[in-house]
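Please read the structure below before turning to the comments.
The values are calculated or read from the model by the stated rules, or taken from the named source; none is laboratory data. Keep in mind that this is a model prediction, so the values were computed, not measured. Glycine gets a Cβ as well: all are built from the backbone with ideal geometry, and neighbour counts include every protein chain shown. Only protein heavy atoms, including side chains, enter the accessible area calculation; ligands, DNA and RNA are left aside. Shrake-Rupley method; radii C 1.70, N 1.55, O 1.52, S 1.80 Å.
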Amino acid sequence: MVAAITEDTINFQFEQLFKKSILPDHLKLKAGDTGIEIDAKLNAPTVSFSVPGTNRAILFMLNMPSGKFTYWDGFGSSAKQKTIDFTNWVYAFTVNLDLVAIAYDDVKKGSAVPQEVQDHLQQFNDSMFTISHLFTDFEDADLASFDPGLTKMPLPDGSMITPGQITQFQQALQTYFTTLQGTDNPYILGYCVDTNTIAPSTPPTFTPTGSTFSIYSDPSIEGISTLNFLVMTNQTPLPTDPNAGIFSSNWVTNSESDGKFIISSDLFWISWLLPLIQNSLGITNAPTPITGGWSYSSNSQQQYTLKDDVKCISSLTMVDAHITMTDNRTASVSYSNDTPTKVKVNLSGNLTMTYRNDFTCVFSEWMSETAKIDWTGKITISAGDDGQVALDLDLDVPDATKSTDGNWLGKGDIALIPDNKQLLNDIGGSYESSMKNTLNQFKNLLGPLHNRFILPAGDVFFYANAQLDPFNNLTMDITYKSQS
């Protein structure tokens, strides 16, 4: 699965953290005893995902609307300490991102974890879940390598800051940012909650069991570059290929949503929905791909002999019955984007069960009972409430069509001996009940799907516009709603 979150959304989250006083509004630094000082007001920081040559780093912009900068002008014994008042400084530099585990106790005491996030994360017992947070790794950041295009540091006289002055500014910042590690680093871009106690017998689910990330830089529209949370499921290990999860195009194509949620075709269809349909309908063979979907079929047969089980009018006695029971099941699954907001999965198939009784009186005779149900249904996939994917199954379970048959002698034994007719009627009724039970159990198997992605400010998210892309991945727009 992929949750692609836009650059604009992350910057909005930083704005929310700033309003909650999680992110500082003031920067007061001294670079040891060097005499270099920064005393600045801060606005919310911003990030850019447009870092050439890397998919694991961002540009971090420290926004300072006003402040004082004390530095040394000149060299050696002739250097003089100066202080300037500045306005509207922006310092932009590349920061690596790191996804590391956060201990359960650290969630409760971490000063950088907002209460809204704590409320979410404390639902997960640390013996069953691993909580990871993606944070800006300032310890490994090269503050001297700033971005000249986004960095804007004009001096009061209108001139630009000199290389010597900016070196001293960087020296003061380095002291500050290298102290921001672990749970006390407030510049967190998101949280992932992974399950770590899935039993081996548990079938594949959408439960996250491993996470990493990548960045997609999109120059086409400002603000839609994405931070991609890459999530493995069912205890599948993360790929070792360094290019895994690096995309050649953006999942988000416009600025109308906050991101995109994608469930891969292999996960949604092959690993989950198709086996669920197959197992619930009691079909033994794997599905066969057809144009626009899949088809299933299976045929099973049992044979056995029952002593003195059928009455034979020609000899007025009980004779042995040689029983053949046949169970045929078929199903087809086809999919389409029903509307711009929903996916429709059409279902159809039949269940056919036949009982045949071969026996010998004077001549070989047989009689049979067949019950058949032709059924149809559809699954509607849409955006549910509170971060759910809604799957609604509408299934028609009609009465079975039953037919009795036999050769001419068998038909005579059915017509003239009530016990034989009753036996076949009972078998047909039993088959009908069994097939209806299978379909009714199938109706109750689908429910909403959940996931656990939590953004820095604890905002909740909603899905919209469920669609299948050309590769049959299930995609949905993500919309975040602030709790504040």
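Here Ala101 meets the list (1) open to solvent by 10 Å² or more (accessible area, probe 1.4 Å); (2) touching a Phe, Trp or Tyr at 6+ places or on another chain (Cβ under 8 Å) almost entirely, failing just condition (2).
Among the conditions (1) of a type outside the set (D, E, K, R); (2) open to solvent by 20 Å² or more (accessible area, probe 1.4 Å); (3) in a strand (DSSP E or B); (4) under 30 Å from Gly190 (Cβ atoms), the only one that Trp294 does not satisfy is (4). May I ask you to list the residues in the stretch 429-454 that are open to solvent by less than 30 Å² (accessible area, probe 1.4 Å) and either modelled with pLDDT under 80 or in a strand (DSSP E or B) (or both)? Matches in the stretch 429-454: Leu446, Gly447, Leu449, Asn451, Phe453, Ile454. Could you tell me whether Ser211 is modelled with pLDDT under 90, over 30 Å from Lys443 (Cα atoms) and open to solvent by less than 70 Å² (accessible area, probe 1.4 Å)? Judged against the criteria, Ser211 is a match.
The C-beta contact set for the stretch 191-218 (first residue within 27 Å of Thr6 (Cβ to Cβ) and assigned to a loop (DSSP other than H, G, I, E, B), second residue modelled with pLDDT of 70 or more and open to solvent by 30 Å² or more (accessible area, probe 1.4 Å), distance under 6 angstrom, 6+ apart or interchain) comprises Ser217/Ser50. If only one of Ile246, Ile224 is assigned to a loop (DSSP other than H, G, I, E, B), of a type in the set (A, V, I, L, M, F, W, C) and surrounded by fewer than 20 Cβ atoms within 10 Å (Cβ to Cβ), which one is it? The conditions single out Ile246. Is it fair to say Leu238 is under 18 Å from Ile58 (Cα atoms), at pLDDT 80 or above and either open to solvent by 20 Å² or more (accessible area, probe 1.4 Å) or outside any loop (DSSP other than H, G, I, E, B) (or both)? Criteria not met by Leu238.
The residues on offer are Asp126, Asp119, and the sole one that is in contact (Cβ under 8 Å) with a residue 40 or more places away in the chain, open to solvent by 10 Å² or more (accessible area, probe 1.4 Å), under 22 Å from the mean Cα position of the chain (by Cα) and farther than 30 Å from Thr167 by Cβ is Asp119. Here Ile38 fulfils each of the conditions (1) open to solvent by 10 Å² or more (accessible area, probe 1.4 Å); (2) more than 42 Å from the chain's Cα centre (by Cα) apart from (1).
Starting from residues that are open to solvent by 50 Å² or more (accessible area, probe 1.4 Å) and not acidic (Asp, Glu), keep the ones in the stretch 407-422 and report whichever is farthest from the chain's Cα centre (by Cα).
Filtering the stretch 407-422 down to residues open to solvent by 50 Å² or more (accessible area, probe 1.4 Å) leaves 408, 411, 415-416, 418-419, 421-422.
Going one step further and asking which of them are not acidic (Asp, Glu), we end up with 408, 411, 415-416, 418, 421-422.
Working: Trp408: 61, Lys411: 59, Ala415: 60, Leu416: 63, Pro418: 59, Lys421: 55, Gln422: 54 Å.
Step by step, filter the stretch 407-422, then rank; the result is Leu416.
Scanning the stretch 346-361 for residues that are within 25 Å of Asp327 (Cβ to Cβ), open to solvent by less than 40 Å² (accessible area, probe 1.4 Å) and not small (Gly, Ala, Ser) yields Leu347, Asn350, Leu351, Thr352, Met353, Thr354, Tyr355, Asn357, Phe359. Residues that are in contact with a strand residue (DSSP E or B) (Cβ under 9 Å, 6 or more places away or on another chain) and either without any contact (Cβ under 8 Å) to a residue 60 or more places away in the chain or of a type in the set (D, E, K, R) (or both) within the stretch 48-70 comprise Arg56, Asn63, Met64, Pro65, Ser66, Gly67, Lys68, Thr70, listed in sequence order. Please verify whether Asp184 is open to solvent by 60 Å² or more (accessible area, probe 1.4 Å), free of Cβ contacts under 8 Å to residues at least 24 places away in the same chain and not polar (S, T, N, Q), treating the condition exactly as stated. The answer is no for Asp184. Residues of the stretch 150-170 that are open to solvent by 60 Å² or more (accessible area, probe 1.4 Å) and either in a strand (DSSP E or B) or in contact with a helix residue (DSSP H, G or I) (Cβ under 8 Å, 6 or more places away or on another chain) (or both): Lys152, Met160.
Of the residues making up the stretch 362-405, those that are at pLDDT below 90, open to solvent by 40 Å² or more (accessible area, probe 1.4 Å) and hydrophobic (A, V, I, L, M, F, W, C) are Val362, Phe363.
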